[in-house]
1. Search segment 4-25 for residues being of a type in the set (Phe, Trp, Tyr) and at pLDDT 95 or above, and hand back the single one that is farthest from the chain's Cα centre (by Cα).
2. Within the set of pairs 6+ apart or on separate chains, which have a first residue in segment 46-72 that is within 15 Å of Asp113 (Cα to Cα) and without any contact (Cβ under 8 Å) to a residue 40 or more places away in the chain, a second that is surrounded by 13 or more Cβ atoms within 10 Å (Cβ to Cβ) and not hydroxyl-bearing (Ser, Thr, Tyr), and C-beta atoms under 9 Å apart?
3. Between a first residue in segment 104-120 that is under 10 Å from Thr55 (Cβ atoms) and in a helix (DSSP H, G or I) and a second residue that is modelled with pLDDT of 80 or more and of a type in the set (A, V, I, L, M), which pairs have beta carbons less than 9 Å apart while being 6 or more apart in sequence or on different chains?
4. When residues of segment 1-38 are filtered for being in contact with a helix residue (DSSP H, G or I) (Cβ under 8 Å, 6 or more places away or on another chain) and not hydrophobic (A, V, I, L, M, F, W, C), how many remain?
5. Return the residue satisfying two criteria in turn: it lies in segment 87-103 and is assigned to a loop (DSSP other than H, G, I, E, B) and not basic (Lys, Arg), and of such residues it is nearest to Asp20 (Cα to Cα).
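The values are calculated or read from the model by the stated rules, or taken from the named source; none is laboratory data. Small disclaimer: the values here were computed from a predicted structure and weren't measured. Cβ sites come from the backbone with ideal geometry, for glycine too, and all protein chains shown count toward neighbours.
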Amino acid sequence: MRTGFYFLDDGPNAIKKRKDKSDEIFSIAKLPFASVDNIVKVEIEKRFDKDEELTAICEYFDSTGTKALKAGTGDSLHAKLAVIIANRLLYVVDNASKIETGIMRIMVGQYPDYDIEAVKKAVQEKSNLIRIVPI
């Protein structure tokens, strides 16, 4: 599945996906409401809080992606959101807050640095999209 933010969906077109590092299975909408297509920059942010290193992948969306995030977040019709990065279901979170800035910080401290760099590269290159290369 493509990097993006998805609604949970119990319909017939939903895709079953196991949450990374878990045995939990979720039914997710086939298409994201905000996707990697509209991410213009990705950064890895590291900081310390009470001697604990916190690591996040920061995704910056263009105006189209920002509008999609604003429309899809904080929507009471969709109580939960799925966060997929580089075909990994990282989180299923409460959809309680409206995101208006177009910047998403996704905590990834439970992953080793080489995994985080690989995920960053996959998002930057949009390499989780299918590409047809002429021969």
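1. Looking at residues that are of a type in the set (Phe, Trp, Tyr) and at pLDDT 95 or above, I get Phe7.
2. Taking only residues 6 or more apart or on different chains, the pairs are Lys46/Leu54; Lys46/Ala56; Arg47/Leu54; Arg47/Ala56.
3. Asp113/Ile44; Ile116/Ile44; Ile116/Ile57; Ile116/Val108
4. Count: 6.
5. Asn87
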